[in-house]
Amino acid sequence: MPIINRIADYFDEMQGWRHHIHANPELGFDCFETAKFVESKLEEFGVDEIHSQIAKTGIVAIIKGKSTGKTIGLRADMDALPLAELTNKKYRSKHEGVMHACGHDGHTTMLLGAAKYLSETRNFSGNVALIFQPAEEGGGGSQSDV
């Protein structure tokens, strides 16, 4: 099955992930529930390695391809912004004064979708490192010594 068709099959599931992440935003390095959610999905997909608590709540997961080769990294940020959500959507933020106004709920969802597809097919050489970063919004998450 072509890639685009297979990923299109994930639409409802991925939309649910994004709505869940959007409704439960977390700030800076304190992405504890988001990290738990991401880790549970990665375990469900059967990734080869999960390294958690990087920069407090970050995650790096490894998916091995069908043969040896180089490693490529794919990254998404997980944190939200300290803003009040003014929408009435059913998946609006449950945390007053915190929302995903920056698209990180979508970034995390897209990387989880890639993780699911790559774990299922493994139709590549080498490895894929999936990097889920906290504190991108002003917290220096990728350069942290936390």
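Summary table
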item	result
R0 of 25 Å, Cβ-Cβ distance LEU81-LYS36: FRET efficiency to nearest 0.05	0.75
Net charge over other residues, Cβ less than 9 angstrom from the Cβ of ALA135 (K, R count +1; D, E count -1)	-4
Formal net charge of residues neighbouring PHE45 (Cβ-Cβ distance under 9 Å; K, R +1; D, E -1)	-1
Among [x] 146; [y] 129; [z] 104, the entry derived from the coordinates for volume of the Cα convex hull per residue in Å³	[z]
DSSP beta bridge pairing in region 3-135, given as percent antiparallel to the nearest 5	55 percent
Local net charge near TYR91, Cβ-Cβ under 13 Å (Lys/Arg +1, Asp/Glu -1)	+3
Reachable lysines from LYS116, criterion Cα separation under 25 angstrom, eight or more residues apart if same chain	LYS36, LYS41, LYS56, LYS64, LYS66, LYS70
Label-point gap, in nm, between LYS70 and GLU120 - each point 7 angstrom along Cα→Cβ	2.7 nm
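The numbers here are math on the coordinates, done by the rules we state, and not lab data. Computed from a prediction, not measured in an experiment: that's the story for all the values here. Please note: Cβ atoms are built from the backbone with ideal geometry, for glycine as well, and neighbour counts cover all protein chains shown.
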